[in-house]
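The values are calculated or read from the model by the stated rules, or taken from the named source; none is laboratory data. All figures in this text were calculated on a predicted structure; none of them were measured in a lab. Neighbour counts run over all protein chains shown; Cβ positions are idealised from the backbone, glycine included.
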Amino acid sequence: MYQQIVILTGAGISAESGINTFRDQDGLWEEHKIEDVATPEGYARNPVMVEAFYNARIAQLHDGKVTPNKGHHALVKLEQEFNGELLIVTQNIDDLHERAGSRRLLHMHGELFKSRCPQSQQTFMLQDTFGPEHTCTCCIPAQRLRPHVVWFGEIPIGLDRIQDALDSCDLFIAIGTSGTVYPAAGFVDTANYHGAQTIEVNLAEADRHSKFQYHVQGKASQRLPDLVNHILQGRKVSDLSCAVTDNLIGKGDI
Ligand code: OAD
């Protein structure tokens with residue numbers, strides 16, 4: 001039985017809820033330039049365009065069609081029934097984990113439904129959408145509130161807490177993330193270094209140079225319920241026939 005689990009989620013877990021990933025076909029970064037909408041410099045150049053980008057994401061989440069999927073729900077079941085420590089670290093700024101019921105959750109890249117004062121760094125719940133009329137109540141003169149989103153070149157949220165959890169976890173699971181953005185992409189190295197078992201759940205095949213010990217290929221919504229049941233039965237992921245060893249990629253099933 002594991003004692004401490006750290007789970008990293010990425011855009012892939014929300015894909016089946018209807019939210020586009022960043023780097024897959026039709027991904028957000030095909031339509032938008034990172035330097036325009038996801039950097040402090042882009043925001044300084046054109047806050048209206050950046051706000052419009054995030055307002056469109058907010059509108060999509062308000063659309064009744066976007067709801068948590070079985071992948072999100074499986075993680076809630078794990079959180080509720082697992083007896084040890086558990087932390088879900090998400091790179092996603094949507095609120096689908098919370099809507100599903102996850103509580104032990106850290107948004108390392110920020111949250112779409114929060115705004116932040118650029119001067120005091122105080123966060124505010126976003127009532128509606130971003131715009132010049134949204135100003136802080138903490139400064140004189142009031143500052144225009146910015147999205148509470150970590151942009152490229154900024155430091156992710158909660159790194160000390162994540163580091164502590166990774167240092168002592170015995171299972172690290174990464175779900176639906178391409179592993180291209182650091183520091184999240186390096187979490188698997190830390191977990192491996194500390195002797196944890198590391199497993200990835202991804203629609204794509206295991207990378208030839210994968211740093212994960214185990215790889216489960218498929219949609220998060222389809223693979224996570226079985227993986228969660230496996231863990232809750234007190235079994236190890238090393239019982240699964242999905243090891244990635246010596247660049248020989250095993251494509252096992254749960
Ligand atoms: P990416 O778009 O880079 O990667 C999405 C991953 O999800 C890919 O590896 C897909 O194969 C996988 N995937 C797609 N659909 C899936 C499904 N149904 N089930 C399982 N896996 C699936 O998204 P992230 O890795 O989350 O940061 O991107 C990391 C960061 O890059 C984001 O947080 C964002 C972005 O730039 C910032 O904006 C700071």
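Look at region 86-111 and say how many of its residues are within 11 Å of the ligand (Cβ to nearest atom), in contact with a Pro (Cβ under 9 Å, 6 or more places away or on another chain) and not polar (S, T, N, Q).
Counting residues in region 86-111 that are within 11 Å of the ligand (Cβ to nearest atom), in contact with a Pro (Cβ under 9 Å, 6 or more places away or on another chain) and not polar (S, T, N, Q) gives 4.
Hey, among Phe124, Phe82, which residue is of a type in the set (Phe, Trp, Tyr), in contact with a Ser or Thr (Cβ under 8 Å, 6 or more places away or on another chain) and over 21 Å from Glu16 (Cα atoms)?
Details: Phe82 fails: in contact with a Ser or Thr (Cβ under 8 Å, 6 or more places away or on another chain).
When all the criteria are applied, what remains is Phe124.
Consider Thr123 against the criteria (1) within 16 Å of the ligand (Cβ to nearest atom); (2) more than 14 Å from the chain's Cα centre (by Cα): it satisfies all of them except one. Which criterion is unmet?
Going through (1) within 16 Å of the ligand (Cβ to nearest atom); (2) more than 14 Å from the chain's Cα centre (by Cα) one by one, Thr123 breaks only (1).
For the condition away from the ligand (no atom under 11 Å from the Cβ) and small (Gly, Ala, Ser), what is the one hit in Ala220, Ala185, Ala196? Lay out the reasoning, then the answer.
On the way: Ala220 fails: away from the ligand (no atom under 11 Å from the Cβ); Ala185 fails: away from the ligand (no atom under 11 Å from the Cβ).
Residue meeting the stated conditions: Ala196.
Give all pairs with beta carbons closer than 8 Å in which a residue from region 170-191 that is more than 22 Å from Asp24 (Cβ to Cβ) and in contact (Cβ under 8 Å) with a residue 60 or more places away in the chain meets a residue that is assigned to a loop (DSSP other than H, G, I, E, B) and more than 13 Å from the ligand (Cβ to nearest atom); count only pairs at least 6 apart in sequence or on separate chains.
Final answer for the pair search is Asp170/Tyr2; Asp170/Gln3; Asp170/Gly195; Asp170/Ala196; Leu171/Tyr2; Leu171/Ala196; Phe172/Ala196; Ala191/Cys169.
Checking Asp167 against (1) among the acidic types (Asp, Glu); (2) under 15 Å from Val6 (Cα atoms); (3) within 16 Å of the ligand (Cβ to nearest atom), which test does it fail?
All conditions are met except number (3).
Taking the conditions exactly as written (farther than 23 Å from Gly131 by Cα and either more than 9 Å from the ligand (Cβ to nearest atom) or free of Cβ contacts under 8 Å to residues at least 12 places away in the same chain (or both)), does His72 satisfy them or not?
Yes; evaluated as a whole, the condition is true for this residue.
Out of Ala44, Ala52, report the one residue that is away from the ligand (no atom under 11 Å from the Cβ), surrounded by fewer than 21 Cβ atoms within 10 Å (Cβ to Cβ) and within 19 Å of Phe113 (Cα to Cα). If you could, list the steps in order and put the result at the bottom.
Working: Ala44 fails: within 19 Å of Phe113 (Cα to Cα).
The match here is Ala52.
Name the single residue that is modelled with the lowest pLDDT among those in region 131-165 being charged (D, E, K, R), surrounded by fewer than 16 Cβ atoms within 10 Å (Cβ to Cβ) and farther than 16 Å from His107 by Cβ.
Per the criteria, the residue is Glu133.
Hey, could you check region 100-130 for residues that are assigned to a loop (DSSP other than H, G, I, E, B) and on the phi > 0 side of the Ramachandran plot and say which is surrounded by the fewest Cβ atoms within 10 Å (Cβ to Cβ)?
Gln121
Among the residues of region 9-28, which ones are under 16 Å from Ala74 (Cβ atoms), within 6 Å of the ligand (Cβ to nearest atom) and either not in a helix (DSSP H, G or I) or not hydrophobic (A, V, I, L, M, F, W, C) (or both)? Break it down stepwise before answering.
Going residue by residue through region 9-28, those that are under 16 Å from Ala74 (Cβ atoms) are 9-10, 12-17.
Subset that is within 6 Å of the ligand (Cβ to nearest atom): 10, 12, 15-16.
If the condition is that a residue be under 16 Å from Ala74 (Cβ atoms), within 6 Å of the ligand (Cβ to nearest atom) and either not in a helix (DSSP H, G or I) or not hydrophobic (A, V, I, L, M, F, W, C) (or both), then Gly10, Gly12, Glu16 are the ones that fit.
Has region 89-97 got at least one residue that is surrounded by 18 or more Cβ atoms within 10 Å (Cβ to Cβ), within 14 Å of the chain's Cα centre (by Cα) and over 19 Å from Val66 (Cα atoms)?
Yes, there is a match, as at least one residue in region 89-97 is surrounded by 18 or more Cβ atoms within 10 Å (Cβ to Cβ), within 14 Å of the chain's Cα centre (by Cα) and over 19 Å from Val66 (Cα atoms).
What residue, among those in region 131-148 that are touching a residue at least 24 places away in the same chain (Cβ under 8 Å) and outside any loop (DSSP other than H, G, I, E, B), is farthest from Asn69 (Cα to Cα)?
The selected residue is Arg144.
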